(Lines give C-alpha, C1' and ligand atoms only; values in the text may rest on other atoms or scores of the structure.)
Protein backbone atom coordinates (compact mmCIF):
# COMPACT_ATOMS: atom_id res chain seq x y z
CA UNK A 1 0.00 0.00 0.00
CA UNK A 2 2.69 2.50 1.07
CA UNK A 3 4.80 1.42 -1.91
CA UNK A 4 1.86 2.07 -4.21
CA UNK A 5 1.36 5.56 -2.79
CA UNK A 6 5.10 6.21 -3.10
CA UNK A 7 5.12 5.02 -6.71
CA UNK A 8 2.05 7.11 -7.52
CA UNK A 9 3.70 10.27 -6.19
CA UNK A 10 7.10 9.35 -7.63
CA UNK A 11 5.64 8.87 -11.09
CA UNK A 12 4.36 12.45 -11.03
CA UNK A 13 6.98 14.35 -9.01
CA UNK A 14 10.12 12.23 -9.39
CA UNK A 15 10.91 12.30 -5.66
CA UNK A 16 13.44 9.44 -5.63
CA UNK A 17 16.46 11.67 -6.34
CA UNK A 18 15.36 14.04 -3.55
CA UNK A 19 15.03 11.12 -1.16
CA UNK A 20 18.47 9.85 -2.23
CA UNK A 21 20.00 13.24 -1.49
CA UNK A 22 18.44 13.54 1.95
CA UNK A 23 18.62 10.06 3.38
CA UNK A 24 20.12 7.43 1.13
CA UNK A 25 23.87 7.81 1.46
CA UNK A 26 26.68 5.94 3.12
CA UNK A 27 28.17 6.84 6.49
CA UNK A 28 31.94 6.25 6.60
CA UNK A 29 33.50 4.09 9.31
CA UNK A 30 35.58 6.81 11.01
CA UNK A 31 32.53 8.85 12.09
CA UNK A 32 30.52 5.87 13.33
CA UNK A 33 30.61 5.44 17.13
CA UNK A 34 29.52 1.82 16.67
CA UNK A 35 32.95 1.12 15.15
CA UNK A 36 35.16 3.60 17.01
CA UNK A 37 33.83 4.88 20.31
CA UNK A 38 35.90 8.06 20.05
CA UNK A 39 33.81 8.95 17.00
CA UNK A 40 31.13 10.25 19.39
CA UNK A 41 32.71 13.66 18.85
CA UNK A 42 31.08 13.56 15.41
CA UNK A 43 27.66 13.47 17.12
CA UNK A 44 27.89 17.01 18.51
CA UNK A 45 26.56 18.64 15.35
CA UNK A 46 23.62 16.24 15.17
CA UNK A 47 22.84 16.79 18.85
CA UNK A 48 22.93 20.56 18.29
CA UNK A 49 20.31 20.11 15.58
CA UNK A 50 18.32 17.80 17.89
CA UNK A 51 18.19 20.48 20.60
CA UNK A 52 17.35 23.11 17.96
CA UNK A 53 14.32 21.05 16.91
CA UNK A 54 13.26 20.77 20.57
CA UNK A 55 13.72 24.53 20.95
CA UNK A 56 11.47 25.21 17.96
CA UNK A 57 8.79 22.80 19.18
CA UNK A 58 8.82 23.94 22.82
CA UNK A 59 8.92 27.58 21.68
CA UNK A 60 5.84 27.04 19.52
CA UNK A 61 3.98 25.73 22.57
CA UNK A 62 5.23 28.57 24.77
CA UNK A 63 3.76 31.18 22.41
CA UNK A 64 0.33 29.63 23.00
CA UNK A 65 0.41 31.25 26.46
CA UNK A 66 2.99 34.00 26.27
CA UNK A 67 1.86 37.61 25.84
CA UNK A 68 4.49 40.10 24.67
CA UNK A 69 3.41 43.19 26.55
CA UNK A 70 4.88 44.65 29.72
CA UNK A 71 1.69 44.34 31.76
CA UNK A 72 1.11 40.68 31.04
CA UNK A 73 4.39 39.14 29.89
CA UNK A 74 5.59 38.26 33.37
CA UNK A 75 2.11 37.22 34.49
CA UNK A 76 1.68 34.94 31.49
CA UNK A 77 5.04 33.27 32.17
CA UNK A 78 4.17 32.92 35.87
CA UNK A 79 0.83 31.37 34.94
CA UNK A 80 2.49 29.07 32.41
CA UNK A 81 5.07 28.03 34.99
CA UNK A 82 2.70 27.43 37.89
CA UNK A 83 -0.79 26.72 36.57
CA UNK A 84 -0.65 25.20 33.08
CA UNK A 85 -0.39 21.41 32.89
CA UNK A 86 3.22 20.52 31.99
CA UNK A 87 3.91 24.21 31.49
CA UNK A 88 6.87 23.94 33.84
CA UNK A 89 8.30 21.09 31.73
CA UNK A 90 7.83 22.88 28.40
CA UNK A 91 9.33 26.10 29.72
CA UNK A 92 12.06 24.11 31.47
CA UNK A 93 13.01 22.37 28.23
CA UNK A 94 13.16 25.70 26.41
CA UNK A 95 15.23 27.23 29.23
CA UNK A 96 17.73 24.37 29.52
CA UNK A 97 17.73 23.75 25.78
CA UNK A 98 18.94 27.32 25.26
CA UNK A 99 22.01 26.50 27.34
CA UNK A 100 22.49 23.01 25.89
CA UNK A 101 22.40 24.25 22.32
CA UNK A 102 25.24 26.67 23.12
CA UNK A 103 27.24 23.89 24.79
CA UNK A 104 26.74 21.39 21.96
CA UNK A 105 27.40 24.00 19.29
CA UNK A 106 30.62 25.01 21.07
CA UNK A 107 31.74 21.37 21.24
CA UNK A 108 30.83 20.90 17.56
CA UNK A 109 32.89 23.99 16.66
CA UNK A 110 35.87 22.63 18.60
CA UNK A 111 35.55 19.24 16.88
CA UNK A 112 35.51 20.81 13.42
CA UNK A 113 38.39 23.10 14.38
CA UNK A 114 40.70 20.47 15.87
CA UNK A 115 40.04 17.93 13.11
CA UNK A 116 40.86 20.65 10.56
CA UNK A 117 37.59 19.95 8.79
CA UNK A 118 37.17 23.59 7.76
CA UNK A 119 39.95 23.30 5.19
CA UNK A 120 39.44 23.32 1.45
CA UNK A 121 36.83 22.63 0.09
CA UNK A 122 34.76 23.29 3.25
CA UNK A 123 35.65 26.96 3.94
CA UNK A 124 32.16 28.25 3.08
CA UNK A 125 30.47 25.77 5.37
CA UNK A 126 32.68 26.96 8.25
CA UNK A 127 31.66 30.56 7.57
CA UNK A 128 27.99 29.57 7.56
CA UNK A 129 28.60 27.66 10.80
CA UNK A 130 30.05 30.76 12.48
CA UNK A 131 27.00 32.73 11.30
CA UNK A 132 24.77 30.06 12.87
CA UNK A 133 26.77 30.49 16.10
CA UNK A 134 26.18 34.26 16.07
CA UNK A 135 22.46 33.75 15.30
CA UNK A 136 22.15 31.37 18.24
CA UNK A 137 23.78 33.89 20.58
CA UNK A 138 21.30 36.47 19.25
CA UNK A 139 18.43 34.09 20.02
CA UNK A 140 19.80 33.62 23.54
CA UNK A 141 20.11 37.36 24.07
CA UNK A 142 16.64 38.26 22.77
CA UNK A 143 14.95 35.32 24.52
CA UNK A 144 16.43 36.36 27.86
CA UNK A 145 14.26 39.51 27.96
CA UNK A 146 10.94 37.84 27.20
CA UNK A 147 9.94 36.65 30.73
CA UNK A 148 10.16 40.35 31.71
CA UNK A 149 11.54 39.66 35.17
CA UNK A 150 14.23 41.63 36.96
CA UNK A 151 17.24 39.81 35.54
CA UNK A 152 15.77 39.98 32.05
CA UNK A 153 15.24 43.74 32.13
CA UNK A 154 18.58 44.67 33.64
CA UNK A 155 20.69 42.24 31.59
CA UNK A 156 19.04 43.62 28.45
CA UNK A 157 19.78 47.17 29.60
CA UNK A 158 23.47 46.26 29.76
CA UNK A 159 23.29 44.48 26.41
CA UNK A 160 21.63 47.44 24.71
CA UNK A 161 24.29 49.77 26.14
CA UNK A 162 26.98 47.51 24.69
CA UNK A 163 25.25 47.63 21.29
CA UNK A 164 25.04 51.43 21.63
CA UNK A 165 28.81 51.67 22.06
CA UNK A 166 29.40 50.55 18.46
CA UNK A 167 31.21 53.43 16.73
CA UNK A 168 29.16 55.62 14.34
CA UNK A 169 25.98 53.48 14.14
CA UNK A 170 25.63 52.55 17.84
CA UNK A 171 22.75 54.92 18.47
CA UNK A 172 20.85 53.62 15.43
CA UNK A 173 21.35 50.00 16.51
CA UNK A 174 20.09 50.92 19.96
CA UNK A 175 16.94 52.59 18.60
CA UNK A 176 16.36 49.68 16.21
CA UNK A 177 16.54 47.17 19.07
CA UNK A 178 14.91 49.13 21.90
CA UNK A 179 12.44 51.19 19.86
CA UNK A 180 13.49 54.35 21.68
CA UNK A 181 16.71 56.21 22.43
CA UNK A 182 16.16 56.29 26.20
CA UNK A 183 13.28 54.03 27.27
CA UNK A 184 13.59 50.28 27.54
CA UNK A 185 9.97 49.24 27.74
CA UNK A 186 6.90 48.04 25.88
CA UNK A 187 8.38 48.71 22.46
CA UNK A 188 11.60 46.87 23.36
CA UNK A 189 9.66 43.83 24.49
CA UNK A 190 7.61 43.55 21.30
CA UNK A 191 10.71 44.08 19.16
CA UNK A 192 12.69 41.44 21.02
CA UNK A 193 9.71 39.10 20.72
CA UNK A 194 9.52 39.64 16.96
CA UNK A 195 13.28 39.21 16.58
CA UNK A 196 13.31 36.11 18.77
CA UNK A 197 10.30 34.43 17.18
CA UNK A 198 10.38 35.53 13.53
CA UNK A 199 13.56 37.24 12.32
CA UNK A 200 16.28 35.11 13.89
CA UNK A 201 14.53 31.73 13.44
CA UNK A 202 13.99 32.58 9.76
CA UNK A 203 17.68 33.40 9.42
CA UNK A 204 18.57 30.28 11.38
CA UNK A 205 16.49 27.97 9.17
CA UNK A 206 18.05 29.44 6.02
CA UNK A 207 21.56 29.07 7.43
CA UNK A 208 20.87 25.51 8.62
CA UNK A 209 19.56 24.59 5.16
CA UNK A 210 22.75 25.97 3.59
CA UNK A 211 24.85 24.13 6.21
CA UNK A 212 23.18 20.78 5.48
CA UNK A 213 23.09 21.14 1.70
CA UNK A 214 26.82 21.82 1.76
CA UNK A 215 27.46 18.78 3.97
CA UNK A 216 25.53 16.56 1.55
CA UNK A 217 27.34 18.08 -1.44
CA UNK A 218 30.82 17.70 0.04
CA UNK A 219 30.39 14.69 2.30
CA UNK A 220 31.96 14.52 5.73
CA UNK A 221 35.70 15.17 6.01
CA UNK A 222 37.93 12.08 5.83
CA UNK A 223 39.74 10.38 8.72
CA UNK A 224 42.76 12.20 10.16
CA UNK B 1 24.71 10.31 -14.83
CA UNK B 2 21.07 9.68 -15.52
CA UNK B 3 19.02 11.32 -12.80
CA UNK B 4 15.32 11.02 -12.30
CA UNK B 5 13.09 8.49 -13.85
CA UNK B 6 12.69 10.21 -17.19
CA UNK B 7 9.20 11.49 -16.80
CA UNK B 8 7.12 12.29 -19.79
CA UNK B 9 5.36 15.60 -19.33
CA UNK B 10 2.28 16.41 -21.32
CA UNK B 11 3.26 18.45 -24.34
CA UNK B 12 6.98 18.18 -23.62
CA UNK B 13 8.85 16.01 -26.06
CA UNK B 14 12.31 16.85 -24.76
CA UNK B 15 12.18 14.41 -21.82
CA UNK B 16 12.55 10.76 -22.56
CA UNK B 17 10.26 8.30 -20.85
CA UNK B 18 12.82 5.51 -21.21
CA UNK B 19 15.75 4.60 -18.97
CA UNK B 20 13.95 4.39 -15.67
CA UNK B 21 16.10 4.66 -12.57
CA UNK B 22 15.64 1.51 -10.48
CA UNK B 23 14.13 2.17 -7.11
CA UNK B 24 16.89 0.22 -5.33
CA UNK B 25 19.70 1.86 -3.36
CA UNK B 26 23.30 1.23 -4.28
CA UNK B 27 24.91 -1.71 -2.47
CA UNK B 28 27.04 -0.49 0.40
CA UNK B 29 29.72 -3.10 -0.25
CA UNK B 30 30.74 -0.79 -3.07
CA UNK B 31 32.00 1.76 -0.56
CA UNK B 32 35.34 1.41 1.27
CA UNK B 33 35.67 0.37 4.93
CA UNK B 34 32.81 -0.52 7.24
CA UNK B 35 30.42 2.06 5.87
CA UNK B 36 26.74 1.69 6.47
CA UNK B 37 23.53 3.20 5.23
CA UNK B 38 22.54 6.52 6.80
CA UNK B 39 18.89 5.55 6.57
CA UNK B 40 17.78 3.73 8.62
CA UNK B 41 20.78 1.86 10.12
CA UNK B 42 23.00 4.74 11.18
CA UNK B 43 20.15 7.05 12.11
CA UNK B 44 18.82 4.42 14.56
CA UNK B 45 22.24 4.23 16.27
CA UNK B 46 22.40 8.03 16.35
CA UNK B 47 18.99 7.98 17.97
CA UNK B 48 20.41 5.76 20.76
CA UNK B 49 22.89 8.54 21.56
CA UNK B 50 20.10 11.10 21.14
CA UNK B 51 17.91 9.15 23.59
CA UNK B 52 20.62 9.04 26.27
CA UNK B 53 21.13 12.78 25.73
CA UNK B 54 17.38 13.40 25.96
CA UNK B 55 17.14 11.51 29.27
CA UNK B 56 19.87 13.69 30.76
CA UNK B 57 18.16 16.77 29.35
CA UNK B 58 14.80 15.81 30.89
CA UNK B 59 16.39 15.00 34.26
CA UNK B 60 17.89 18.52 34.42
CA UNK B 61 14.54 19.99 33.38
CA UNK B 62 12.60 18.17 36.10
CA UNK B 63 15.25 18.56 38.80
CA UNK B 64 15.82 22.27 38.23
CA UNK B 65 12.66 24.22 37.30
CA UNK B 66 13.55 27.22 35.17
CA UNK B 67 14.03 30.36 37.25
CA UNK B 68 11.63 33.28 37.24
CA UNK B 69 12.42 36.41 39.22
CA UNK B 70 9.89 39.04 40.23
CA UNK B 71 8.29 41.20 37.57
CA UNK B 72 10.61 43.77 36.01
CA UNK B 73 10.69 47.02 37.97
CA UNK B 74 12.64 49.69 36.06
CA UNK B 75 12.61 51.99 39.11
CA UNK B 76 14.71 49.60 41.18
CA UNK B 77 18.18 51.11 40.78
CA UNK B 78 19.75 48.84 43.40
CA UNK B 79 19.50 45.76 41.18
CA UNK B 80 22.86 44.36 40.06
CA UNK B 81 22.43 42.90 36.56
CA UNK B 82 23.94 39.63 35.42
CA UNK B 83 23.59 38.07 31.95
CA UNK B 84 22.99 34.42 31.12
CA UNK B 85 26.03 32.23 31.89
CA UNK B 86 27.35 32.04 28.32
CA UNK B 87 27.73 35.83 28.17
CA UNK B 88 29.47 36.02 31.57
CA UNK B 89 32.97 36.12 30.05
CA UNK B 90 32.10 39.26 28.08
CA UNK B 91 30.49 40.77 31.17
CA UNK B 92 33.68 40.05 33.12
CA UNK B 93 35.87 41.51 30.37
CA UNK B 94 34.04 44.83 30.70
CA UNK B 95 35.04 45.06 34.37
CA UNK B 96 38.76 45.40 33.60
CA UNK B 97 40.30 48.85 33.46
CA UNK B 98 41.67 48.49 29.92
CA UNK B 99 38.22 47.53 28.65
CA UNK B 100 35.84 49.81 30.53
CA UNK B 101 35.12 53.48 31.13
CA UNK B 102 36.86 55.49 28.38
CA UNK B 103 38.10 52.22 26.83
CA UNK B 104 34.64 50.64 26.90
CA UNK B 105 34.66 50.31 23.11
CA UNK B 106 37.70 48.01 23.36
CA UNK B 107 35.95 45.54 25.67
CA UNK B 108 32.49 45.85 24.14
CA UNK B 109 33.28 45.98 20.42
CA UNK B 110 36.94 45.60 19.45
CA UNK B 111 37.87 42.42 21.32
CA UNK B 112 34.60 40.50 20.62
CA UNK B 113 34.64 41.77 17.02
CA UNK B 114 38.19 40.59 16.47
CA UNK B 115 37.39 37.22 18.05
CA UNK B 116 34.32 36.56 15.87
CA UNK B 117 36.10 37.92 12.77
CA UNK B 118 39.14 35.72 13.37
CA UNK B 119 36.93 32.69 13.96
CA UNK B 120 35.10 33.30 10.71
CA UNK B 121 38.30 33.79 8.71
CA UNK B 122 40.11 30.73 10.11
CA UNK B 123 39.87 28.72 6.85
CA UNK B 124 41.43 31.60 4.90
CA UNK B 125 44.29 32.11 7.35
CA UNK B 126 45.13 28.45 7.93
CA UNK B 127 45.38 27.26 4.34
CA UNK B 128 47.85 24.40 4.71
CA UNK B 129 46.73 20.91 3.78
CA UNK B 130 47.68 19.57 7.22
CA UNK B 131 44.66 18.69 9.36
CA UNK B 132 46.11 17.08 12.50
CA UNK B 133 46.02 19.60 15.39
CA UNK B 134 49.54 18.83 16.65
CA UNK B 135 51.02 19.38 13.20
CA UNK B 136 49.65 22.95 13.02
CA UNK B 137 50.64 24.50 16.35
CA UNK B 138 49.58 28.09 15.61
CA UNK B 139 45.84 27.54 14.99
CA UNK B 140 45.71 24.96 17.78
CA UNK B 141 47.58 27.27 20.15
CA UNK B 142 45.35 30.25 19.44
CA UNK B 143 42.19 28.21 19.91
CA UNK B 144 43.43 26.76 23.21
CA UNK B 145 44.37 30.28 24.32
CA UNK B 146 40.91 31.58 23.42
CA UNK B 147 39.30 28.64 25.24
CA UNK B 148 41.46 29.26 28.32
CA UNK B 149 40.59 32.97 28.26
CA UNK B 150 36.84 32.28 28.03
CA UNK B 151 37.09 29.70 30.80
CA UNK B 152 39.11 31.99 33.06
CA UNK B 153 36.84 35.02 32.52
CA UNK B 154 33.72 32.95 33.15
CA UNK B 155 35.27 31.50 36.32
CA UNK B 156 36.28 34.95 37.59
CA UNK B 157 32.79 36.28 36.91
CA UNK B 158 31.11 33.41 38.74
CA UNK B 159 33.53 33.60 41.69
CA UNK B 160 33.12 37.38 42.10
CA UNK B 161 29.32 37.47 41.86
CA UNK B 162 27.33 37.36 45.08
CA UNK B 163 24.83 34.69 44.07
CA UNK B 164 23.02 34.73 47.44
CA UNK B 165 22.39 38.45 47.12
CA UNK B 166 21.42 38.06 43.47
CA UNK B 167 18.85 35.45 44.46
CA UNK B 168 17.44 37.70 47.20
CA UNK B 169 17.22 40.82 45.02
CA UNK B 170 15.27 38.95 42.34
CA UNK B 171 13.02 36.85 44.57
CA UNK B 172 9.29 37.07 43.94
CA UNK B 173 7.78 39.13 46.76
CA UNK B 174 4.33 38.23 47.95
CA UNK B 175 2.00 41.17 48.13
CA UNK B 176 1.15 41.60 51.80
CA UNK B 177 -2.47 42.14 52.79
CA UNK B 178 -2.80 44.61 55.64
CA UNK B 179 -4.94 47.48 56.83
CA UNK B 180 -2.99 50.75 56.54
CA UNK B 181 -5.33 52.31 59.10
CA UNK B 182 -4.53 49.74 61.77
CA UNK B 183 -2.64 50.70 64.89
CA UNK B 184 0.17 48.26 64.06
CA UNK B 185 0.83 49.86 60.70
CA UNK B 186 0.64 53.38 62.12
CA UNK B 187 3.37 52.48 64.63
CA UNK B 188 5.40 50.80 61.86
CA UNK B 189 5.12 53.85 59.57
CA UNK B 190 6.23 56.14 62.38
CA UNK B 191 9.30 54.09 63.23
CA UNK B 192 12.67 53.64 61.50
CA UNK B 193 11.70 50.05 60.57
CA UNK B 194 9.94 51.23 57.42
CA UNK B 195 13.12 52.58 55.82
CA UNK B 196 14.71 49.13 55.55
CA UNK B 197 11.73 46.77 55.46
CA UNK B 198 9.61 48.61 52.91
CA UNK B 199 6.36 50.55 52.95
CA UNK B 200 4.33 47.40 52.43
CA UNK B 201 6.63 45.06 54.40
CA UNK B 202 8.06 43.90 51.04
CA UNK B 203 11.65 44.25 52.22
CA UNK B 204 14.51 46.35 50.93
CA UNK B 205 17.82 46.51 52.75
CA UNK B 206 16.22 44.16 55.26
CA UNK B 207 14.06 41.11 54.55
CA UNK B 208 10.30 41.11 53.99
CA UNK B 209 8.32 41.00 57.24
CA UNK B 210 5.37 38.87 56.15
CA UNK B 211 5.23 35.15 56.95
CA UNK B 212 8.36 35.32 59.08
CA UNK B 213 7.23 32.46 61.33
CA UNK B 214 8.48 34.44 64.32
CA UNK B 215 6.54 34.93 67.55
CA UNK B 216 5.92 38.38 68.99
CA UNK B 217 8.56 37.83 71.68
CA UNK B 218 11.18 36.89 69.10
CA UNK B 219 10.37 39.99 67.06
CA UNK B 220 10.76 42.21 70.14
CA UNK B 221 14.11 40.54 70.82
CA UNK B 222 15.32 41.25 67.26
CA UNK B 223 14.16 44.88 67.50
CA UNK B 224 16.29 45.30 70.64
CA UNK B 225 19.30 43.12 69.92
CA UNK B 226 19.51 43.01 66.13
CA UNK B 227 20.04 39.97 63.89
CA UNK B 228 22.45 39.29 61.03
CA UNK B 229 23.45 42.62 59.52
CA UNK B 230 20.71 44.47 61.47
CA UNK B 231 22.36 46.35 64.35
CA UNK B 232 21.04 46.34 67.92
CA UNK B 233 18.92 49.08 69.51
CA UNK B 234 17.00 49.92 66.36
CA UNK B 235 13.78 50.39 68.29
CA UNK B 236 13.53 53.87 69.77
CA UNK B 237 9.82 53.97 70.64
CA UNK B 238 7.98 52.81 73.74
CA UNK B 239 7.75 49.17 74.88
CA UNK B 240 3.93 49.27 74.61
CA UNK B 241 4.09 50.30 70.95
CA UNK B 242 6.68 47.62 70.23
CA UNK B 243 4.42 44.98 71.80
CA UNK B 244 1.52 46.07 69.55
CA UNK B 245 3.77 46.14 66.47
CA UNK B 246 5.27 42.71 67.24
CA UNK B 247 1.83 41.14 67.57
CA UNK B 248 0.78 42.84 64.34
CA UNK B 249 3.84 41.43 62.54
CA UNK B 250 3.36 37.98 64.03
CA UNK B 251 -0.01 37.75 62.29
CA UNK B 252 1.09 39.38 59.03
CA UNK B 253 0.48 36.91 56.23
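Worth a mention:
- Selected residue (criterion: surrounded by the most Cβ atoms within 10 Å (Cβ to Cβ)) from residues of region A:84-95 that are more than 7 Å from chain B (Cβ to nearest Cβ) and in a helix (DSSP H, G or I): A:90
- Unique match (being under 30 Å from residue A:224 (Cα atoms), in contact with a helix residue (DSSP H, G or I) (Cβ under 8 Å, 6 or more places away or on another chain) and assigned to a helix (DSSP H, G or I)) among A:143, A:129: A:129
- Put simply, of B:79, B:86 the only residue that is in contact with a helix residue (DSSP H, G or I) (Cβ under 7 Å, 6 or more places away or on another chain) and touching a residue at least 40 places away in the same chain (Cβ under 8 Å) is B:79.
- Evaluation of residue B:175 against (1) modelled with pLDDT of 90 or more; (2) part of a loop (DSSP other than H, G, I, E, B); (3) away from every other protein chain (no Cβ under 11 Å) (one fails), failing number: (1)
- Meets criteria (under 30 Å from residue A:81 (Cβ atoms) and part of a helix (DSSP H, G or I)) for residue B:158: yes
- Condition broken by residue A:29, with the remaining ones in (1) closer than 27 Å to residue A:214 by Cβ; (2) touching a strand residue (DSSP E or B) at 6+ places or on another chain (Cβ under 9 Å); (3) crowded, with 18+ Cβ neighbours inside 10 Å satisfied: (3)
- The numbered conditions (1) over 15 Å from the mean Cα position of the chain (by Cα); (2) within 7 Å of another protein chain (Cβ to nearest Cβ); (3) in contact (Cβ under 8 Å) with a residue 60 or more places away in the chain are all true for residue B:93 except (2).
- Hits in region A:96-120 (condition: more than 7 Å from every other protein chain (Cβ to nearest Cβ), assigned to a loop (DSSP other than H, G, I, E, B) and touching a residue at least 60 places away in the same chain (Cβ under 8 Å)): A:117
- Index of the failed condition, residue B:146 passing every other in (1) within 30 Å of residue B:119 (Cβ to Cβ); (2) over 38 Å from the mean Cα position of the chain (by Cα): (2)
- Count - residues of region A:162-175 that are part of a helix (DSSP H, G or I) and either facing another protein chain (nearest Cβ under 7 Å) or touching a residue at least 12 places away in the same chain (Cβ under 8 Å) (or both): 3
- Out of A:170, A:179, sole residue that is buried (at least 16 other Cβ atoms within 10 Å of the Cβ), in contact with a helix residue (DSSP H, G or I) (Cβ under 8 Å, 6 or more places away or on another chain) and on the phi > 0 side of the Ramachandran plot: A:179
- Looking across region B:126-141, just one residue is in contact (Cβ under 8 Å) with a residue 12 or more places away in the chain and more than 9 Å from chain A (Cβ to nearest Cβ), and that is B:138.
- Exactly one residue among A:206, A:129, A:159, A:185 is within 30 Å of residue A:76 (Cα to Cα) and either surrounded by fewer than 20 Cβ atoms within 10 Å (Cβ to Cβ) or in contact (Cβ under 8 Å) with a residue 60 or more places away in the chain (or both), and that residue is A:185.
- Unique match (being over 28 Å from residue A:150 (Cβ atoms), without any contact (Cβ under 8 Å) to a residue 40 or more places away in the chain and under 23 Å from the mean Cα position of the chain (by Cα)) among A:23, A:34: A:23
- Considering (1) surrounded by fewer than 17 Cβ atoms within 10 Å (Cβ to Cβ); (2) modelled with pLDDT of 85 or more; (3) part of a loop (DSSP other than H, G, I, E, B), the lone condition that residue B:199 does not fulfil carries the number (2).
- Boolean, residue B:103 is facing chain A (nearest Cβ under 7 Å) and either modelled with pLDDT of 95 or more or surrounded by 13 or more Cβ atoms within 10 Å (Cβ to Cβ) (or both): no
- Only listed residue being surrounded by 15 or more Cβ atoms within 10 Å (Cβ to Cβ) and at the interface with another protein chain (Cβ under 10 Å from one of its Cβ atoms), chosen from B:120, B:48: B:120
- Test: residue in region B:143-155 that is buried (at least 16 other Cβ atoms within 10 Å of the Cβ), more than 14 Å from chain A (Cβ to nearest Cβ) and either on the phi > 0 side of the Ramachandran plot or part of a loop (DSSP other than H, G, I, E, B) (or both): no
- Looking only at region B:55-66, residues that are facing chain A (nearest Cβ under 8 Å) and either touching a residue at least 12 places away in the same chain (Cβ under 8 Å) or not in a loop (DSSP other than H, G, I, E, B) (or both) come to 5 in all.
The values are calculated or read from the model by the stated rules, or taken from the named source; none is laboratory data. Keep in mind that what you see is a predicted model, and the values were worked out from it rather than measured. For neighbour counting, all protein chains shown are included, and Cβ atoms are generated from backbone atoms with ideal geometry for every residue, glycine included.
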